[in-house]
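Written out below as structure tokens is the structure these notes cover.
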Amino acid sequence: MVGSALTRGVRTLARRDFWTFKVIHAVLGGLLTVTGACGGIFVTEQIRKQIADVDSAIADAARRVDSIERALYQFQLLQTQGVLLGALSTGGGLREEFRASFLQLGFLIRKGPTARMIQELNATNLAEFRRLREEHEKLVEAALPANDKAAWDALLKFEMEHESRLRTLQDQFQNTRYALGERRRTLERWLETATIWGFILQQLGFVVVLLAGLVHQHGAEPVRQR
């Protein structure tokens, strides 16, 4: 029975006299309405998905920027502490038996903040992080006697190079965040446009169907005889 009904339906659609003015406009109006509704749903959903992905990427970039900022702040604080400890250890107001301890403390506290910078630079490379951390610890140990200028210069060079690289990385994440923000604003404009055009197509479909009905009704009215 279903097959027979389907066959009759196909035969009906194949008849030329079936496709009247009213039917054609009704189908056209229906297609416009369905296209506007489905297009609005599918297109806007895809855009919303892209916006969600961009939001996630912006959040990741913002977290990295903040994390790097904290690492740089810790290193800057270390530099300030190092200057103070160095001044105390070399000044005449500190007793001799404490001088060596202050010097060692000034070097040892460098390990933590510098390791944090190395970690930020090698967030996805554990082996490289461990290698560079061990290299820094060796440089600290070599500079501990505080009477070897070459060892001290090597330590400072290592730390300054990694601070510079970390600031460059921070700038890259900042630029990425700004670019993603612009991308999000573009997607929001696309979403607004897609929503408007979906609404317009639906309304055009309604208008076409309405006009077809009015035209058919007007054409079907008998001409009045004077």
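The values are calculated or read from the model by the stated rules, or taken from the named source; none is laboratory data. Keep in mind that this is a model prediction, so the values were computed, not measured. All Cβ positions, even for glycine, are placed from backbone atoms using ideal geometry, and neighbour counts span all protein chains on display.
Worth pointing out:
- When the criteria are applied in full, Trp190 meets the requirement of being closer than 30 Å to Val54 by Cα and either at pLDDT 95 or above or hydrophobic (A, V, I, L, M, F, W, C) (or both).
- Qualifying residue in segment 141-154 (condition: part of a helix (DSSP H, G or I) and either among the hydroxyl-bearing types (Ser, Thr, Tyr) or closer than 30 Å to Arg63 by Cβ (or both)): no
- From Arg185, Arg133, residue being assigned to a helix (DSSP H, G or I), surrounded by 13 or more Cβ atoms within 10 Å (Cβ to Cβ) and either of a type in the set (Asp, Glu) or modelled with pLDDT of 90 or more (or both): Arg133
Residue-by-condition table, conditions (1) of a type in the set (Asp, Glu); (2) more than 37 Å from the chain's Cα centre (by Cα); (3) under 19 Å from Phe75 (Cα atoms):
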site	(1), (2), (3)
Glu120	yes, no, yes
Ala123	no, no, yes
Glu134	yes, no, yes
Val140	no, yes, yes
Leu155	no, no, yes
